[in-house]
Structure formats: C-alpha cells, structure tokens
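What follows is a short report on a single structure.
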Amino acid sequence: MVNMELFSEPTLTRELVEAVIDLAKKFKEEKGRVPVFMEVCGSHTMALAKTGIKTRLKDDVHLIAGPGCPVCVTEQKSIDAMIQLAEEPNTILCTFGDMMRVPGSASSLMKAKTEGKDIRVIYSPLDSVKIAEENPHKEVVFLGIGFETTIPILALTVREVERKQLTNYSIWMTTKLVEPVLRTLLQSGDVKLDGFLLPGNVSVVVGKQTYHFLADEYGVSGVITGFEPVELLSGLYKLLQLQLENKISILNAYPYVVSDKGNEVAQQLVHTYLETHDEVWRGIGTIPNSGLDLKEQYAKYDAKKKFSISIKEPRKTKCRCGEIVRGAITPEQCVLFNKGCTPTNPIGPCMVSTEGTCAAHYQFMREV
Ligand code: SF4
C-alpha cells in the first residue's frame, strides 16, 4: 500500500528541491552548463509549473516541455473537419471539453455550438455510445484524440459499438504514440537533451520496456515518474545522478503503478481493433506509424471513411504552438503570449489545453 500523502509532503519536497539543486550545481561545475531535461507529458508540465518546481529550479535545471499534450498536437485540419461535420444535418458531435475552445481556421467547436450545432462534451468515449443508442435517427461522431493512456478506452468503445451493432456511430481517430515522436525529436537535433522525464500514465499501458530504445539507440536516459512533487523531484534527482555517474539508463521511479511490460490486456485490446498508420502532428508534420487508426474490418466506424469531408489547408497564424510542442521555444518567446493570447482569448491549443505549455506558463510562471 503506497501512502500518496507522502508524495506531496512539504518538508520532504523542500529537501528534495535542495538535493536536486545541489546535484545540478555539481553537473554545472563538471560540464560548464546547466542540465537540460524534457518532460514529455503535458500533465507533467502542468504539475511542474503548478507546484512551483519549474520556477524554483529555473536557474539550475532547464526543463523543456515536450509533445505530450494531445490537444496541442492535434492538427488544425481535424478541428476544421469536426466543425464541418457538425454542420451536417442530423449529426451529433461528441468531444472532450478541452477541444471545444481550440481555434480552427475560421471557427471553434464552442462557437459552432453557440450557433446551434449539436456538439456535446463528454468525459468518457463510452458516453458517446450511449448518446448514439439514445438517438438512433442521428449520426453520432466522436473526435478520438489521445496518447496510449486514452487509446485502450477508444478500442473498448469500438468493441462496445460492435457488440451493440450500432450503425449510427463513428470515430474520427487522431491518436498519437509516444515512441515515434520521441524518435523524431531526437533525430531532428532541434533540442539537445540530457534526459527525459517519462510519462507515468502512458507507461502504465506501454511498460518500461518501450523506452529502452532511448538509451540503446540514442544514448539518452529516461526516468518514469508520477505526478506529485516528490515523485517529479525524485525523477529529476535520478536523472542528475545518472549524468554525474556517466551512466545511461531507463529507470522506473513509478514501480507501484508501472511494470516492465505494461498492461498487456489493454495492449491486446488495442491491437484487436486498431493498427498503426502515419499520423500528422501539429507543428511537427507527418510521422510514420505514429498513430493508431481503425483496422479495415472496422472501417464502418471510421468517420473519415463514412463521411466525405474535404478540408482546405489551414491558414497560417502567428501562433507558435508547433515550436512549443517540439521544445524549440518557450511560450514567452511567442509575441502573442499574454498579449493577443490568454486563456480567455486563446489563439492556439497550447493556451487552451489544461495540459498546454502556454497555459501552464500563463497561470503559474508569468511575471506579474
Ligand atoms: Fe500559440 Fe498563444 Fe502559445 Fe503563442 S502564446 S504559441 S499564440 S498558444
């Protein structure tokens, strides 16, 4: 039994902060620069900002936010497609709340809803199945976004639809996988990293073994951590220890939740219904085999195949979310940050999402 209260205990947190800073100073003495780590997951970004860890460590450890916010990396064309679909008669569109305010080319789902389109915010994809059952004369389309944490629930949803033999239900899949995007980031050389804080939630599903390629092929360490202050700081401490001992390794600092092989039942469920395909990432472009889509035998539930939607290339804006999700710039380097773009008037998804880097900086790291 794990005592979760310990993971946010103030005295322990303060001691760990000082311990991390001590090791970071040693690193700087030895290498003549501050260590650079990337937190892959948007929930880690938000937790590190909210707890003040990012601000407290800013002179000693450079923490870069990575591409792990699903709303932020969903391409604009998917939003435009959803708005177009919502305009179809007899259609109910279902989505997670964060997607409502993401600006598309000319509108947002929120605006479309205020104009009378039937768009519903749901908390679980299974809620959209219930809506389809209750509305047999309407087409229900669910915008399926997410990383490996959410993907098994999408597969479960397809199983449910299949079991219930629903013919008025489909998913617009735009899911993302962590391994291909980390490979792309490392191959691009855009950012030089001394290690990764790896996402505890994704790791529950994929297992520690998924990340061995980081150490074996790219010579970069990673530590899987949870989301509480003590867990995050322990992860950073371990990354610094590895650096100072000149070791490269993948460590699991979340062993009470994450196993080596992950959740094999969830993995099996995913492989039954979904298969890899080339996925487009906002700001990054197409990454081969970086997403999962419905297998051909389930194409009847694939909204991209069921409806004929043609989307124009999105117009260019000054939003720099694409660079933010690659860790190439910080939100403060975008001219719109806290000027044209705020949480009440977001220009890009990184300011909309509850896991977005711009939102995290605006709420918790902005100099007022
Ligand atoms: Fe985009 Fe706004 Fe972030 Fe700038 S501050 S990158 S406009 S979301």
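Among the residues of the range 48-69, how many are in contact with a Lys or Arg (Cβ under 9 Å, 6 or more places away or on another chain), in a loop (DSSP other than H, G, I, E, B) and closer than 22 Å to ILE287 by Cα?
So the answer is 0.
Tell me the residue from MET46, MET38, MET82 that is buried (at least 22 other Cβ atoms within 10 Å of the Cβ), under 30 Å from ARG101 (Cβ atoms) and at pLDDT below 95, please.
After ruling out the rest, the residue left standing is MET82.
Quick one: count up the residues across the range 303-317 that are more than 15 Å from the ligand (Cβ to nearest atom) and within 30 Å of GLN187 (Cβ to Cβ).
Result for the range 303-317: 3.
Under the condition of being of a type in the set (D, E, K, R) and over 24 Å from the mean Cα position of the chain (by Cα), which residue from the range 236-250 is surrounded by the most Cβ atoms within 10 Å (Cβ to Cβ)?
LYS247
Given the criterion within 22 Å of the chain's Cα centre (by Cα) and either over 24 Å from HIS271 (Cα atoms) or hydroxyl-bearing (Ser, Thr, Tyr) (or both), identify the matching residue among ILE171, ILE92, ILE64.
Going through ILE171, ILE92, ILE64 in turn, the sole match is ILE64.
When the range 279-292 is examined, which residues are found to be more than 30 Å from LYS31 (Cβ to Cβ) and either exposed (fewer than 13 other Cβ atoms within 10 Å of the Cβ) or β-branched (Val, Ile, Thr) (or both)?
VAL280, GLY285, THR286, ILE287, PRO288
Can you give me the number of residues within the range 1-47 that are in a helix (DSSP H, G or I) and under 29 Å from LEU186 (Cβ atoms)?
Residues that pass the stated criteria total 21.
Taking the range 318-368, which residues are surrounded by fewer than 21 Cβ atoms within 10 Å (Cβ to Cβ), acidic (Asp, Glu) and more than 8 Å from the ligand (Cβ to nearest atom)?
Result: GLU332, GLU367.
Looking at this structure, is GLN267 without any contact (Cβ under 8 Å) to a residue 40 or more places away in the chain, more than 16 Å from the ligand (Cβ to nearest atom) and not in a loop (DSSP other than H, G, I, E, B)?
no
The values are calculated or read from the model by the stated rules, or taken from the named source; none is laboratory data. Quick caveat: nothing in here was measured; it's all calculated off a predicted structure. Glycine also receives a Cβ, built like all others from the backbone with ideal geometry; neighbour counts cover every protein chain displayed.
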